[in-house]
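Participant: Here you go, one structure.
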Amino acid sequence: MPVHNEADMLPLSLPSIYRTEPDEVIILLDRCTDRSREIAEKITEHFNKEDSTKIITINTPHHGWKQRIAYLRRKGFRKARNDIILTTDADIVLDKKISEEISKLEDPEIALLGFKFYDYPFTLQTLLIRLISNLTAFSGYAGLYAFKKKAWLETEKMDSLRKISSSEDTHLRLSIMKKHYSAVSNTKSLHLRPSEDRERNFQRGMMYYNVVKLPLWLMILYSFSTLRFTALAGYIHARNKAIL
């Protein structure tokens, strides 16, 4: 889990990780200037998980990488000792039953498992987003997914990853799916800090066309019901570019 000045979020997210009973937890403290380390250490001690938790401080620049989060996650992936890795964010509270869902990766055919979650606090917009998400097989893999380390190592090319500027989780998904199958699970996990950034929604729309292959009618329904009109603009931009 990458962490950058998350002193307010860690008391909510980190206990939820420990309640899933993981074999190992890796916390990457990225240039933190607040009490993130102190709080992470106290929570780890409270759950008596010092022996199974690695708290790593990273202050180095990410030379050669356009996206720092891609650099941080891969650094954590390589340090994991188990083959099955769950990655999450500091503003996500995990559903305790997610550990049961991860057992689906015991299927030799499945190498990647995405988890759907709820944006919180609940509003009409966030509930509509979840409803439309359930109408598709797409989870987004946005910050909450599990995968087999061996499958990741054999499929994702670091040279191409360093050049991307967004959607590093989608890059991982597409890389693994070249040779393996993926699946999606519904959970009651909560995303405590949903973002409605215009640029991010534009990129989201492009991804819905290029990656998800969402039909135009469903994209229009999604955009109007969730008030994410910039996402529709991104979808149309990607569609027109493909036609040209």
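Participant: Which value, in debye to the nearest 20, describes the size of the charge dipole of the chain about its Cα centre when Lys and Arg Cβ atoms bear +1, Asp and Glu Cβ atoms bear -1, and nothing else is charged? Don't skip to the end; give the middle numbers.
Facilitator: Values: 38 positive and 30 negative charges, 196 e Å.
For the chain, the charge dipole is close to 940 debye.
Participant: Right, next: If you average the alpha carbon positions of the range 69-94 and of the range 144-218, how far apart do those two centres end up, in angstrom?
Facilitator: Result: 14 Å between the Cα centres.
Participant: Compare the Cα positions of Leu192, Val25, Ile110 along the charge dipole of the range 2-194 (+1 at Cβ of Lys, Arg; -1 at Cβ of Asp, Glu; about the Cα centre) and return the one farthest towards the positive end.
Facilitator: Farthest towards the positive pole: Ile110.
Participant: Phe122 versus Phe229, label points 7 Å from Cα toward the beta carbon: distance in nm?
Facilitator: Spacing of the two 7 Å Cα→Cβ label points: 2.9 nm.
Participant: Pairs Lys49/Lys75; Lys75/Lys157; Lys42/Lys104; Lys79/Lys150; Lys157/Lys188: which are spaced more than 24 Å apart, C-alpha to C-alpha?
Facilitator: Details: Lys49/Lys75 21 Å; Lys75/Lys157 14 Å; Lys42/Lys104 32 Å; Lys79/Lys150 13 Å; Lys157/Lys188 33 Å.
Where the Cα-Cα span goes over 24 Å, the pairs concerned are Lys42/Lys104; Lys157/Lys188.
Participant: So which trypsin sites (Lys or Arg not before Pro) in the range 174-238 end up in coil per DSSP with only 16 or fewer other C-beta atoms within 10 Å?
Facilitator: Values: sites: Lys178, Lys179, Lys188, Arg198, Arg200, Arg204, Lys213, Arg228; in loops: Lys178, Lys179, Lys213, Arg228.
For trypsin sites (Lys or Arg not before Pro) across the range 174-238 that sit outside H, G, I, E and B with at most 16 neighbouring Cβ atoms in 10 Å, the list reads Lys178, Lys179, Lys213.
Participant: Under 15 Å Cα to Cα from Lys66, which aspartates and glutamates show up? Leave out anything in the same chain fewer than 8 places away.
Facilitator: Leaving aside aspartates and glutamates fewer than 8 places away in the same chain, those within reach of Lys66 are Asp159, Glu168, Asp169.
Participant: Also: Using alpha-carbon pairs under 8 Å, 6+ residues apart, how would you state the relative contact order of the range 2-194 in percent?
Facilitator: Working: 305 pairs, mean separation 52.5, N = 193.
Result for the range 2-194 is 27 percent.
Participant: Going by how many other beta carbons lie within 10 Å of each one, how would you line up Asp119, Asp95, fewest first? Don't skip to the answer; put the middle values down first.
Facilitator: Working: Asp119 18, Asp95 22.
Taking fewest neighbouring Cβ atoms as first place, the list is Asp119, Asp95.
Participant: At a Förster distance of 30 Å, what's the computed FRET efficiency of Glu50 paired with Leu131, Cβ-Cβ distance as r, to 0.05? Walk me through the numbers on the way to the answer.
Facilitator: Numbers: r = 42 Å, r/R0 = 1.39.
Result of the calculation: an efficiency of 0.10.
Participant: Relative to the compact globular guide of 2.2 N^0.38 Å, what is the alpha carbon radius of gyration of the chain, as a ratio?
Facilitator: Details: Rg = 18.0 Å, N = 244, 2.2 N^0.38 = 17.8 Å.
Normalised by 2.2 N^0.38 Å, the Cα Rg of the chain equals 1.01.
Participant: Of His4, His63, how do they rank once you tally other Cβ atoms within 10 Å and put the fewest first?
Facilitator: Working: His4 17, His63 7.
Going from sparsest to densest Cβ surroundings: His63, His4.
Participant: A further question follows. In terms of the Cα gyration tensor, with a ≥ b ≥ c the square roots of its eigenvalues, is the range 197-244 rounded because a/c is under 1.5, prolate because a/b exceeds b/c, or oblate? Display every interim value, and only then the final one.
Facilitator: On the way: a/c = 1.86, a/b = 1.29, b/c = 1.44.
Oblate, because a/c is 1.5 or more while a/b does not exceed b/c.
Participant: Out of the range 1-43, which trypsin sites (Lys or Arg not before Pro) are coil in DSSP terms and have no more than 16 other C-beta atoms within 10 Å?
Facilitator: Numbers: sites: Arg19, Arg31, Arg35, Arg37, Lys42; in loops: Arg19, Arg31, Arg35.
Loop-located and lightly packed - Arg19, Arg31, Arg35.
Participant: Quick check on the chain: helices-only [θ] at 222 nm, where DSSP H runs of length 4 and up contribute -39,500 (n - 2.57) each and the sum goes over total residues. Nearest 500, please.
Facilitator: Details: 11 runs with 109 residues, N = 244.
Computed mean residue ellipticity for the chain: -13000 deg cm²/dmol.
Participant: Let me ask something else about it. Hey, which aspartates and glutamates would be in cross-link range of Lys54, C-alpha to C-alpha under 18 Å, not counting anything within fewer than 8 residues on its own chain?
Facilitator: Counting by Cα, and skipping residues close in sequence, Lys54 has these aspartates and glutamates nearby: Glu6, Glu21, Asp23, Glu24, Asp30, Glu38, Glu41, Glu45, Asp83, Asp89.
Any read-out appearing in this document is the output of simple, stated calculations on the displayed coordinates, not a laboratory observation. Treat the numbers as computed from the prediction; the structure is a model and nothing was measured. Quick reminder, even Gly has a Cβ in these numbers, built from the backbone with ideal geometry, and neighbours come from all protein chains shown.
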